[in-house]
Structure formats: structure tokens, C-alpha cells
Amino acid sequence: MTDKLFKASQDEEAITASIEDLLRDKIGMSGGWLSFSDYMNYVLYEPEFGYYNNRSEKFGIRGDFITAPELSPVFAKAISNELIPMLSEMKNPKIIEFGAGSGILAKNILKNLLEHKSLDIEYKILEVSAVLRERQKKNLNKYRSMISWLDNLPSQPFEGVILANEVLDAMPVNRFVKKKK
Ligand SMILES: C[S@@+](CC[C@H](N)C(=O)[O-])C[C@H]1O[C@@H](n2cnc3c(N)ncnc32)[C@H](O)[C@@H]1O
């Protein structure tokens, strides 16, 4: 049983081997070690083999993890119920979502907000994974006129809300920082 659960496909084995080779090269090139944040950056975001950029399915039953918005629209509904009164008080409200995954949270939030006809919303997604960005564009096709994709946080102040679900732990961070006293 355990064997079945954790058996990687040939494709996954190939991706793992490629990322291992890449890490060996990077460690070699940087004098025998890598910082935790560089390591995390390569394994998650290397453009071809990094977890969020490679061709694996990731979310849902054909993937290897699931998040609350993927499980049920109730999660988006609960967030929408909080957003509606807040956004209704703003003149030109924007929502910025970090790391939108498959785009399912954006899709269900927009569906809920559109039921409130008075709300004119701009929805922006900041997504580092090129593969997931494409998946989001496909899954959010119906709402394309309301959505745009950002490469960076806006440089100007804006009125609205920033959303992120299960993203902080996917950000490459420095575990330890040594400072001179
Ligand atoms: C665990 S998934 C969560 C996806 C989605 N929010 C959900 O709840 O289903 C993490 C997401 O964050 C994205 N991500 C990771 N680091 C990011 C960063 N620095 N800026 C924006 N998105 C990031 C990943 O590409 C992926 O879409």
C-alpha cells in the first residue's frame, strides 16, 4: 500500500534526477554549499524542472497536494462574505492575489462578487510560476476582462485587498541571517 502511494512515475523520476544534477552543479559552482533560500528557489522555481514550473499536475486527485479552495467553493464563499462589505466602501477597489495556483479561488471569488452588481472590481494576480500562470489564464477565461497578471507588486498605493492562501511557505527564505554587531 505505502509502496503504491509513494511510487514516482518515470516522468517524475526524470524530473527529480534533473533537479539533483542541477543542484550538484550549483553546489559545485558555489564552492561546496548553497544557502537555504537558493536551494528552495531552485527546487521550486527553476524554469524547467522546479516544482512549480515543471509539467507535473500538482493540485488535486491527479496531483500531490490539495488546498482548501480546491476542495470546496465554501472557502471562497467565506472570504467573499468578508470582502464584499470592505470593497463596497472603496471607490476603485482592487484585489491582488499572490500565488493563485490553479486560479480556483479567484474564479469563485469573482463569481460571488459579480452577484453584487454594484461592485466593479479589478482582480490582479501575482504568480511566479509560468506554468501556473498559463493554467490560471485558461481556467479564468470567463473573467479575463476583469483580471490582469502582475510581475511585481504595484509601485503606487492602491485601494483594495491582498490575498494569499498557502503561499508564505512557498517563498524562498533565509533560515539564518548573520549580522555584524
Ligand atoms: C501551495 S500553492 C497555493 C495555491 C493557491 N493559493 C491555493 O490555495 O490553491 C503556492 C502558490 O504560490 C505561488 N508562489 C510561490 N512563491 C510566490 C511568490 N514569491 N510570489 C507569487 N506567487 C508565489 C506558487 O507558484 C503557487 O501558485
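A few remarks follow.
- The range 2-45 shape via C-alpha gyration tensor axes, a/c threshold 1.5: prolate
- Taking trypsin sites (Lys or Arg not before Pro) across the range 1-91, the ones in a DSSP loop with at most 15 further Cβ atoms lying within 10 angstrom of their Cβ are Lys7, Arg55, Arg62, Lys91.
- Put a plus charge on the Cβ of each Lys and Arg, a minus charge on the Cβ of each Asp and Glu, and nothing anywhere else: the dipole of the chain about its Cα centre is then about 420 debye.
- Ordering Val177, Val167 by the number of other Cβ atoms within 10 Å of each residue's own Cβ, fewest first, gives Val177, Val167.
- DSSP-assigned coil residues among trypsin sites (Lys or Arg not before Pro) in the range 107-163, each with at most 10 further Cβ atoms within 10 Å: Lys117
- Scanning the chain for GluC sites (Glu not before Pro) in DSSP loops with at most 16 neighbouring Cβ atoms within 10 Å leaves 1-47 as the longest stretch between them.
- Relative to one another, the C-alpha centroids of the range 7-76 and the range 82-115 are positioned 28 Å apart.
- Computed helical MRE - 222 nm, the chain, DSSP H runs ≥ 4 contributing -39500 (n - 2.57), nearest 500: -12500 deg cm²/dmol
- Of the residues Ala68, Val43, Met146, the one whose Cα sits farthest towards the positive end of the charge dipole of the range 26-147 is Met146 (charges of +1 on Lys and Arg Cβ, -1 on Asp and Glu Cβ, taken about the Cα centre).
- For peptides 147-155, 37-45, sequence by mean Cβ density within 10 Å, most packed first: 37-45, 147-155
- Shape category assigned to the range 1-146 from the gyration tensor of Cα positions, a/c cut at 1.5: prolate
All of the numbers you see were taken from the coordinates with simple rules; none came from a lab. Quick caveat, the model's predicted, so the values are computed rather than measured. Neighbour counts run over all protein chains shown; Cβ positions are idealised from the backbone, glycine included.
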